[in-house]
Amino acid sequence: MIPGSFDYHRPQTVAEAVSLLASLGDEARALAGGHSLIPMMKLRLAAPEHLVDLSRIADLKGVREEGGEIVVGAMTTQAALLADPLIAQRLPLIPETSALIADPQIRYRGTLGGNVANGDPGNDMPAVMMALDATYVLVGQSGERRVPARAFYEGAYFTAAEPGELLVAVRIPTPPAGHGAAYEKLKRKVGDYATAAAAVILTMNGATVETVAIGLTNVSETPLLAEDAMAILAGSRLEPEVVDRAVEAAKAITNPASDGRGPAEYRTEMAGIMLRRALARAAARARG
Ligand SMILES: Cc1cc2nc3c(=O)[nH]c(=O)nc-3n(C[C@H](O)[C@H](O)[C@H](O)COP(=O)(O)OP(=O)(O)OC[C@H]3O[C@@H](n4cnc5c(N)ncnc54)[C@H](O)[C@@H]3O)c2cc1C
């Protein structure tokens, strides 16, 4: 289908974009890579009267290290994340996830900011950002504020961003050297959203799990942080019965829809299997 008509704006700075969004009000939307927004407009599920294209704002692109954190500009594409040497070295979980998102054409346009600001439970990066304990930097008319990814997602397409606020960057604490991480995603075919997926990041002291974080994708209205499962695994030696208990605790917080990706019971079961696989791979990587 063809989208409804809209006016197109292309600001050069964050200040200009924020002021445009404020003056145009509820009928304006930020446009990043357009690979969620434009399909929604074509289906007439969204009909913004104004699009504020962020693609010319140089400050929103790129990856840098700052005060023990990796800072990723909101307009950094999945393809750029896949090619970035700093990300590859410090945060290998991110390119592992980017490579499982959609297809190369979409990864060349789709941005990290669009992926995490969208609020679609099918997006892969939000659960990863929750597992990494990232912080979102938002800028609006009243200035800048920071919101932890773990507090950002309120419901399907509902987030803690206020109307007119722009996500400008994602700040990610650098995990310690020797950490292990993995993202496991079950999908029906290449380019599909997850039936269920799990992100795990952990550190080990010998055979004992020192720290562990788990994010789950597309098994509820929002991405999930599996806190009970994390508490069960921390301090354990990943004994099979402990892993079983943690997997059951993670499955207990899921609430997937029954849809084309399968009935709810199946998707919950798959979330458990993705978690088992991600945990095993992350632990193997941490052991070196
Ligand atoms: C066929 C297909 C398959 C896909 N498969 C997957 C998949 O497997 N996994 C996955 O994660 N994604 C998938 N996607 C979605 C894709 O990753 C999108 O690129 C992503 O969801 C949105 O990023 P974007 O840059 O395209 O944002 P846009 O589509 O431009 O924007 C998405 C939303 O976020 C808002 N927004 C964007 N940037 C900002 C910002 N800086 N500040 C505030 N609000 C902002 C927009 O206003 C809009 O509401 C798929 C898309 C398609 C078409």
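Bear in mind these aren't lab numbers, they're just calculated from the coordinates by the rules spelled out. Treat the numbers as computed from the prediction; the structure is a model and nothing was measured. So basically every Cβ, Gly included, is an ideal-geometry build from the backbone, and we count neighbours across all protein chains shown.
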Separation of the R146 and A22 label points, Cα + 7 Å toward Cβ, nm:
2.3
Simple spin-label estimate for I38 and V242 in nanometres, 7 Å along Cα-Cβ
4.9
Given axes a ≥ b ≥ c from the Cα gyration tensor, I'd like to know whether region 1-129 is rounded (a/c under 1.5), prolate (a/b larger than b/c) or oblate.
oblate
Bridge orientation stat for the chain from DSSP, antiparallel percent rounded to 5, came to 85
Say we join alpha carbon atoms closer than 10 Å with springs in a Gaussian network model of the chain; which of R171, R64, R267 then has the biggest fluctuation?
R64
Residue-normalised 222 nm signal for the chain, counting each DSSP H run of n ≥ 4 as -39,500 (n - 2.57), nearest 500 deg cm²/dmol, is -9500 deg cm²/dmol
Given unit charges at Cβ for Lys, Arg (+) and Asp, Glu (-), the dipole magnitude of region 181-287 about its Cα centre in debye, nearest 20, is 540
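Could you order peptides 275-288, 17-30 by the average number of other Cβ atoms within 10 Å of their residues, highest first? Working shown, then result.
Numbers: 275-288: 19.1, 17-30: 17.1.
My ranking of the peptides, most packed first, is 275-288, 17-30.
Classify the chain from the C-alpha gyration tensor, please: rounded if a/c falls under 1.5, else prolate or oblate depending on whether a/b exceeds b/c.
Note, shape of the chain comes out prolate.
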Rounding to the nearest 20 debye, state how big the charge dipole of region 28-148 is about its Cα centre with +1 on each Lys and Arg Cβ and -1 on each Asp and Glu Cβ.
360
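With a cap of 13 neighbouring Cβ atoms within 10 Å, and only residues DSSP puts in a loop, list the trypsin sites (Lys or Arg not before Pro) found in region 178-249. Numbers along the way, then the final one.
On the way: sites: K185, K187, R188, K189, R237, R245; in loops: K187, R188, K189, R237.
Listed in order of number, the matching sites are R188, K189, R237.
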Amide N of region 195-234 lying under 20 Å from the label point, which is placed 7 angstrom from the Cα of E269 along Cα→Cβ
195-198, 217-220
Work out the charge dipole of the chain with +1 on the Cβ of Lys and Arg and -1 on the Cβ of Asp and Glu about the Cα centre, then indicate which of L100, L216, V247 is farthest towards its positive end.
L100
Nearest-ten-degree value, helix 14-24 long axis tilted from longest Cα axis of the chain:
70
